[in-house]
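Enquirer: I am attaching a structure below and will ask some questions about it afterwards.
Throughout, read-outs are computed from the coordinates displayed, never taken from laboratory work. The shown structure was predicted, so the numbers you read here are calculated from the model rather than taken from an experiment. Cβ placement follows ideal geometry from the backbone for every residue including glycine, while neighbour counts extend to all protein chains displayed.
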Amino acid sequence: MRTTARLIKTIKLGIHKEMNPGKRKAILDTQALYNQTIAFYMDFFADHLAIFDEKKGYEKKDGTTGERPWTAQELLTFAEIHTLETKAHPHPMHPLIEILPDARTMPVSLRRAAINHAVGKVKAWYSVHKRWEADGQQGRPPKLGAPNEPITFYADMAQNPDFDLMARNETRHTFIAVKLWSEDRWKFVQMPVAIHDKARLELAASQAEQARIREETATIQAVKAPRGTWSAEERALIQPQAWCAQSFSIYVRKDKRYPDDQRFSIHIPMEKRIETPKKAEIQRAAHPDMPVVTVDLGVNRLAVMGAFINSQLVATKFVHGGELNHHRHQLLSVINNKRQQSGRLQPDVQDNAFLWEKVRNLDENAARQVASQIVGFARLHGAQVIVFEYLRQYRPPKEKMSRSGRKNHKRGYWLRGQIVEWARDLAFREGVLTVERNPAYTSQMCPHCRTLGERKGHRFTCENPDHVYQADADFVGMMNLYKKWTKTFAYPRKNKKADEPKPVTAAAV
């Protein structure tokens with residue numbers, strides 16, 4: 001049976017900083033009302049914690065009966081019955097409109113999203129609280145915090161424009177209409193959004209994928225009974241096979257460069273279904289000579305990649321990091337000098353916040369770029385597996401270094417872990433598996449004669465007198481990683497002399 005995985009990524013679109021103050025106020029008022037509604041339902045479920053322990057009986061497929069907890073839909077119905085005034089329940093026990101009169105005309109999708117948020121938060125808090133009680137009530141009791149969720153706009157709350165594939169120079173912004181609480185009523189408000197070219201292409205492709213899903217759904221429903229069962233193949237047809245946009249949200253972040261120190265942006269989650277890559281042992285057993293990319297990560301040289309097809313090295317690629325290390329070292333030296341000038345730091349005060357943010361952004365940007373190059377290199381040569389070294393705990397260098405030099409060395413080591421994390425995420429989106437192997441002796445063993453060699457800096461020299469071989473040490477590590485993938489790597493052993501007697505234990509006299 002084919003197993004699939006659900007991928008999620010986010011497209012971020014900036015809202016123009018000179019947006020009308022009335023629109024800014026409408027976003028903040030809507031977010032406040034939304035979080036007040038979540039807080040109301042959190043208090044409601046906190047007063048009815050017994051429903052989370054209550055079980056309901058149901059009939060299994062084999063005819064037997066069992067018990068299960070309440071489903072999300074049942075909890076939603078329970079909350080609406082006891083908080084909303086309807087014809088069937090004209091007098092609810094906990095009317096929402098008495099506490100929040102402005103929520104009377106709230107869109108149904110937004111109110112139900114608030115209920116689902118409240119259910120999740122109370123469930124999480126209740127489980128932690130029960131664990132705290134079971135452990136003997138050690139420490140402070142867990143508290144049910146206040147909500148601070150962004151506004152999510154569902155199908156009935158947004159009017160997306162048609163994204164043109166042709167860029168128009170005379171148009172600076174695209175306006176997206178969203179339903180907000182403004183001037184004591186819910187109405188559509190036009191938001192000026194700057195859409196970059198990549199996002200425009202992806203959103204246009206998303207609209208085409210959504211049209212395909214609607215057509216497939218209509219075709220299947222035309223031949224199905226009203227409540228007919230869908231097969232697994234039919235359900236797979238209506239799953240997004242390309243990036244498909246979901247309901248977006250508006251986030252508010254602090255930023256001194258924007259009016260009132262608030263920056264607004266739209267986050268559009270994109271969903272896609274892919275076939276889950278098979279495990280390494282299964283792929284190697286099925287295709288022993290399959291295309292594989294091995295990557296040796298370093299500090300001064302960020303990555304050395306090699307593509308192997310039919311057990312032959314067909315391409316290599318070096319990614320140098322000397323300039324990055326030099327730039328990071330300069331920033332860390334400035335931070336160290338400023339610390340020496342300022343003296344002892346105050347507790348809970350971040351020193352040199354701007355410089356530290358610059359260092360973090362420098363490493364994050366480098367990790368993303370190197371990971372993108374690794375995955376692009378694997379796709380170029382049709383590799384289904386990328387082999388990395390298993391990164392161990394950081395060990396400080398033996399040679400003497402300055403304080404900024406030691407910090408730079410440590411951050412360079414940490415950068416390798418960031419590269420692996422980003423490469424693993426990007427590779428999984430492309431259906432490529434990433435594995436890790438033991439890095440022992442990868443840069444010290446000759447890949448041809450399997451003899452220990454000597455490494456000085458970036459240079460490896462084979463010590464076999466019958467085999468003259470010199471190469472880049474990181475290149476040798478990349479070659480040996482492939483041998484570890486194929487399980488043909490031979491670890492060195494301490495050879496004992498044949499005529500050496502075994503040690504004799506002295507007998508007590």
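Enquirer: List the aspartates and glutamates whose Cα lies under 14 Å from the Cα of LYS56, skipping any in the same chain that are fewer than 8 positions away.
Expert: The qualifying aspartates and glutamates are GLU67, GLU74.
Enquirer: Can you pull out the chymotrypsin sites (Phe, Trp or Tyr not before Pro) in region 347-395 that DSSP calls coil and that have at most 13 other Cβ atoms within 10 Å? Could the numbers behind the result be given before it?
Expert: Details: sites: PHE354, TRP356, PHE377, PHE388, TYR390, TYR394; in loops: TYR390, TYR394.
Counting only loop positions with at most 13 other Cβ atoms within 10 Å, the chymotrypsin sites (Phe, Trp or Tyr not before Pro) in region 347-395 are TYR390, TYR394.
Enquirer: Tell me the relative contact order for region 277-437 as a rounded percent, counting alpha carbon contacts under 8 Å between residues six or more apart.
Expert: Details: 202 pairs, mean separation 49.5, N = 161.
In percent, rounded to a whole number, it is 31.
Enquirer: Where does helix 322-342 land angle-wise versus the long Cα axis of the chain, in degrees 0 to 90, nearest 10?
Expert: Helix 322-342 sits at roughly 70 degrees to that axis.
Enquirer: Now for a different question. Can you figure out the FRET efficiency of ARG395 with LEU355, using R₀ = 30 Å and their beta-carbon distance, to the nearest 0.05?
Expert: Numbers: r = 26 Å, r/R0 = 0.88.
My answer for the efficiency is 0.70.
Enquirer: Which whole-number percent is the relative contact order of the chain (Cα, under 8 Å, 6+ apart)? Kindly include the intermediate steps, with their values, before the conclusion.
Expert: Numbers: 691 pairs, mean separation 67.9, N = 509.
Reported as a whole number, the value is 13 percent.
Enquirer: Compute the acute angle (0 to 90°) between the alpha-carbon long axis of helix 353-380 and the principal axis of greatest extent of the alpha-carbon atoms of the chain; round to the nearest 10°.
Expert: Here the helix axis deviates by roughly 80 degrees.
Enquirer: For LYS398, give me every one of the lysines with a C-alpha distance below 29 angstrom, ignoring sequence neighbours fewer than eight places off in its own chain.
Expert: Output for LYS398: LYS338, LYS358, LYS407, LYS410, LYS456, LYS484, LYS494.
Enquirer: Moving on. For a quick check: with amide H placed at 1.01 Å from N, whose amide H comes under 5 Å from ARG301's, ignoring anything fewer than 5 positions away on the same chain?
Expert: Under 5 Å from the amide H of ARG301: GLY321.
Enquirer: If R₀ is 35 angstrom, what is the calculated FRET efficiency for the pair LYS456 and LEU362, using the beta carbon separation as r and rounding to 0.05? Can you show the working numbers first?
Expert: Values: r = 29 Å, r/R0 = 0.84.
It comes out at approximately 0.75.
Enquirer: Could you compute the FRET efficiency for ALA208 and GLN312, with r as their C-beta to C-beta distance and R0 at 41 Å, rounded to 0.05? Spell out each step's value before the answer.
Expert: On the way: r = 40 Å, r/R0 = 0.98.
Working from the Cβ atoms, E equals 0.55.
Enquirer: If you don't mind, another one. Which value at 222 nm does the chain reach when only helices count, each DSSP H run of 4 or more adding -39,500 (n - 2.57), with the total divided by all residues and rounded to the nearest 500 deg cm²/dmol? Before the final figure, lay out each step's value.
Expert: Values: 12 runs with 202 residues, N = 509.
Calculated at 222 nm, the ellipticity per residue is -13500 deg cm²/dmol.
Enquirer: Considering only DSSP beta bridges with both partners in the chain, what is the antiparallel share in %, to the nearest 5? If you can, show how the numbers build up before the last one.
Expert: On the way: 62 of 70 bridges.
Of all bridge pairs located within the chain, approximately 90 percent are antiparallel.
Enquirer: Quick one: helix 197-223 against the long Cα principal axis of the chain, what's the angle to the nearest 10°, folded into 0 to 90?
Expert: With both axes taken from Cα atoms, the answer is about 60 degrees.
Enquirer: Moving to a separate point now. Each residue of region 15-30 in order: what ³J(HN,Hα) in whole Hz does its phi give by Karplus 6.51 cos²θ - 1.76 cosθ + 1.60, θ = phi - 60°, with x for Gly and Pro?
Expert: So the Karplus estimates, Gly and Pro as x, are 8, 4, 5, 8, 5, 3, x, x, 5, 4, 5, 5, 5, 5, 5, 5 Hz.
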